[in-house]
Amino acid sequence: MAYSDEELLARLIQCEAGGEGDTGMKAVASVVMNRVEASEGEYARVGQGSIRRIIFQQGQFTCAMETVGGKYNPQNIYNMRPEEIHYEIAQWAMAGNRVTGLGRALWFFNPYQPTCRQNFPSEVGVFTTRIGDHCFYDPTPAYNDT
């Protein structure tokens, strides 16, 4: 099935951050759109300004994977049933809005512990804030070389 960019983003928001409240969902949507709008580094090269390419870039979003670790992943974007709030947040982010204090975050992850590590995924991202269960990371100058 060919989903529109808005539909894909709404499904990803629900899947990745559906339990994180409005701010958590907006933060995840902000990261996706920051990657879409990246002018340098890996996301500029791979995404080329495309929401679809960013969402389906290999190894980036667990929710965009039908299998994880060789097993079926039931929590994937194809099984999501977005509600109005997910579409509203997708539209909000696609219109250029971002969560205040998030910076230019390009990564997020749930550490399943109370603290966030300083760098993620390596020295190319530096911790900027925590929203709900997710830690968010801004690019460092080293990111531009990826």
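The values are calculated or read from the model by the stated rules, or taken from the named source; none is laboratory data. If you're wondering where the values come from, they're calculated on a predicted model, not measured in any experiment. Note that each Cβ is placed from the backbone with ideal geometry, even for glycine, and that neighbours are counted across all protein chains shown.
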Practice task
From the list E37, E20, E42, E7, pick out the single residue that is free of Cβ contacts under 8 Å to residues at least 60 places away in the same chain and acidic (D, E).
Solution key: E37
Practice task
Pull up region 132-144, narrow it to residues that are of a type outside the set (G, A, S) and touching an Asp or Glu at 6+ places or on another chain (Cβ under 7 Å), then point me to the one that is surrounded by the most Cβ atoms within 10 Å (Cβ to Cβ).
Solution key: H134
Exercise for the section: Please specify each residue of region 54-93 satisfying the condition of being of a type outside the set (A, V, I, L, M) and in contact with a Leu (Cβ under 8 Å, 6 or more places away or on another chain). Expected result: F61, C63
Problem - Some residue of region 72-87 being touching a strand residue (DSSP E or B) at 6+ places or on another chain (Cβ under 8 Å), more than 22 Å from E40 (Cα to Cα) and touching a residue at least 24 places away in the same chain (Cβ under 8 Å) - result: no
Practice task
Look at A27 and say whether it is under 20 Å from E83 (Cα atoms), at pLDDT below 95 and not basic (K, R).
Solution key: no
Practice task
State all residues of region 57-74 that are crowded, with 16+ Cβ neighbours inside 10 Å and either of a type in the set (D, E, K, R) or more than 13 Å from E16 (Cβ to Cβ) (or both); if no residue qualifies, say none.
Solution key: Q57
Problem - Residue among Q58, Q14 that alone is more than 19 Å from G125 (Cβ to Cβ) and either under 12 Å from the mean Cα position of the chain (by Cα) or part of a loop (DSSP other than H, G, I, E, B) (or both) - result: Q14
Completion exercise
The number of residues in region 26-42 that are more than 13 Å from D138 (Cα to Cα) and among the hydroxyl-bearing types (S, T, Y) is 1
Problem - Unmet criterion (only one of (1) farther than 26 Å from T140 by Cβ; (2) aliphatic (A, V, I, L, M); (3) crowded, with 16+ Cβ neighbours inside 10 Å) for A2 - result: (3)
Handout entry: Options F109, F120; residue that is touching a Cys at 6+ places or on another chain (Cβ under 8 Å), aromatic (F, W, Y) and more than 22 Å from G19 (Cα to Cα)
Key = F120
Completion exercise
For region 84-128, the count of residues that are hydrophobic (A, V, I, L, M, F, W, C), out of contact with any Ser or Thr (no Cβ under 8 Å at 6 or more places or on another chain) and either under 17 Å from D138 (Cα atoms) or surrounded by 13 or more Cβ atoms within 10 Å (Cβ to Cβ) (or both) equals 12
Practice task
Hey, could you check region 30-47 for residues that are among the acidic types (D, E) and in contact with a Phe, Trp or Tyr (Cβ under 8 Å, 6 or more places away or on another chain) and say which is farthest from H86 (Cα to Cα)?
Solution key: E40
Practice task
Determine which single condition R98 fails, assuming it passes every other condition in (1) in a loop (DSSP other than H, G, I, E, B); (2) free of Cβ contacts under 8 Å to residues at least 40 places away in the same chain.
Solution key: (2)
